[in-house]
Amino acid sequence: MEPDLFTPFIQSARHVFATMLQVEVDVLEPRPKSGRHEPHAVSAMIELKGGCEGSMVLGFEQDAAERLVALMTGTHTPSHSAECADALGELASIVACGAKALLSEGFTSASLPRVVLDAEPMADRTMPPAVVLPCVTDCGRFVIEVSILGHGPSPVSARRAETLGDCR
Amino acid sequence: MKILVVDDSKTMRAIQKSVLTQLGYSDIEEASDGQDALRKAGSYDPDLVLVDSNMPNLDGLGFVKAFRRTNPATPVIMVSTEGERARVVEAIKAGVNNYVVKPFTPDLLSQRIQETLASCEAA
C-alpha cells in the first residue's frame with residue numbers, strides 16, 4: 001500500500017491523541033497485514049465509503065485501552081465494559097474522519113463505529129491488502145489497521161497540509 | 001440557561017457536559033440521537049443546543065432542519081468529526097450558528113460556546 005494512503009491515518013491519530021488526551025503517539029515500522037487473525041483486547045472499526053472503499057481498525061491492548069479511556073473520561077473503566085467500547089469507538093471515529101478529510105477526494109462518508117471486545121475474531125475486519133501501523137504511547141500499545149480497496153487516482157487531497165497542520 | 005447536548009456517544013456527552021459545568025451551567029439535558037433530541041427539545045425548550053453530526057436514527061443535519069422549523073432563534077452549535085468545508089457550509093445553511101470540529105480541547109469548546117451566546121445576544 002502506498003504510504004500516501006496510510007500516512008493521513010498516522011497524522012490524524014497523532015493529532016487526535018495529542019489534542020484530546022495529551023498523549024504522544026510513536027508509530028513504528030508499518031507492515032503488511034498477514035492473513036492470520038491478529039487479536040486485540042478491544043478493536044474499534046470504521047468503514048469508509050465513497051469513490052474508494054476502505055476501513056480502519058484501532059486495536060488496543062487491555063492496559064492501553066483502560067489508560068486511554070481513563071484520560072478521556074477521568075474515571076477508571078474496565079476494558080470489557082460498554083463505557084470503554086463507547087469511548088474507544090468515538091476515538092476511532094474521530095481518527096478515521098480526520099484521515100478522511102485528508103483523503104477527501106476518495107471517501108465521502110464514514111460509518112458509525114463498531115467495537116469488538118475480548119479479541120473475538122471479526123471475520124470482516126480489515127482484510128488484506130491492509131497495512132498494520134504499530135503504535136506506542138506512554139499509556140501502552142495499539143495498532144492502526146488500514147485497508148483501502150479499489151482506489152483510482154490517488155485519493156490524497158491537496159488540502160491535507162492545511163487541514164491538520166503539522167502533526168509530526 | 002437550559003442546554004441540550006446531543007451525541008450518540010455517552011463519552012462525548014460527558015466531556016461536553018463537563019465543559020459546560022466548568023462554565024457554570026448546571027441545567028443540562030442529554031439526547032442520544034436526532035429523534036431523541038427533537039422529542040426532548042419539545043418539552044425541555046433549550047436555550048442552547050450542542051449537536052453531533054453523525055448519529056443513528058436522525059443525524060445532526062436532519063435534527064437542525066427539523067428543530068429550526070419551530071425554533072428559528074435558539075443558538076445551535078454543531079460538534080462534529082466532519083471538518084470539510086462543504087460540510088460546514090451545509091450545516092450553516094441548515095441553521096447552525098457555530099461549528100466545532102472533533103478533536104477539540106475543552107478551552108476551544110468553551111470559547112465557541114461563549115462566542116455563540118454573545119453573538120446571538122447581540123443580534
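What the table below lists for this structure:
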{"quantity": "Residues being within 13 Å of chain B (Cβ to nearest Cβ) and either free of Cβ contacts under 8 Å to residues at least 40 places away in the same chain or of a type in the set (A, V, I, L, M, F, W, C) (or both) - total across the stretch A:1-13", "calculated": "1"}
{"quantity": "Checklist (1) among the basic types (Lys, Arg); (2) over 14 Å from the mean Cα position of the chain (by Cα); (3) buried (at least 20 other Cβ atoms within 10 Å of the Cβ) applied to B:ARG85, failing item", "calculated": "(3)"}
{"quantity": "Members of the stretch B:92-109 that are over 14 Å from the mean Cα position of the chain (by Cα), more than 10 Å from chain A (Cβ to nearest Cβ) and within 25 Å of B:LYS65 (Cα to Cα)", "calculated": "B:LYS93"}
{"quantity": "Listing of strands (runs of 3 or more DSSP E) fully contained in the stretch A:1-110 that carry 1 or more residues being in contact with an Asp or Glu (Cβ under 8 Å, 6 or more places away or on another chain) and modelled with pLDDT under 90", "calculated": "A:53-60, A:107-110"}
{"quantity": "Any chance B:ARG112 is within 13 Å of another protein chain (Cβ to nearest Cβ), surrounded by 17 or more Cβ atoms within 10 Å (Cβ to Cβ) and not hydrophobic (A, V, I, L, M, F, W, C)", "calculated": "no"}
{"quantity": "Selected residue [more than 11 Å from chain B (Cβ to nearest Cβ) and either within 21 Å of B:ASN54 (Cβ to Cβ) or touching a residue at least 60 places away in the same chain (Cβ under 8 Å) (or both)] from A:VAL16, A:VAL25", "calculated": "A:VAL25"}
{"quantity": "Index of the failed condition, A:CYS97 passing every other in (1) of a type outside the set (Asp, Glu); (2) closer than 20 Å to B:ASP7 by Cα; (3) away from chain B (no Cβ under 14 Å)", "calculated": "(3)"}
{"quantity": "So A:GLY54, is it in contact (Cβ under 8 Å) with a residue 40 or more places away in the chain, within 18 Å of A:ILE148 (Cβ to Cβ) and among the small types (Gly, Ala, Ser)", "calculated": "yes"}
{"quantity": "Selection count where residues are crowded, with 17+ Cβ neighbours inside 10 Å and away from chain A (no Cβ under 12 Å), scope the stretch B:1-15", "calculated": "4"}
{"quantity": "Hey, B:SER110 of a type in the set (Ser, Thr, Tyr), touching a residue at least 60 places away in the same chain (Cβ under 8 Å) and part of a helix (DSSP H, G or I) or not", "calculated": "yes"}
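The values are calculated or read from the model by the stated rules, or taken from the named source; none is laboratory data. Every value quoted in this text rests on a predicted model; they were computed, and no experiment measured them. Methodologically, a virtual Cβ is constructed for each residue, glycine included, from the backbone with ideal geometry; neighbour enumeration extends over all protein chains shown.
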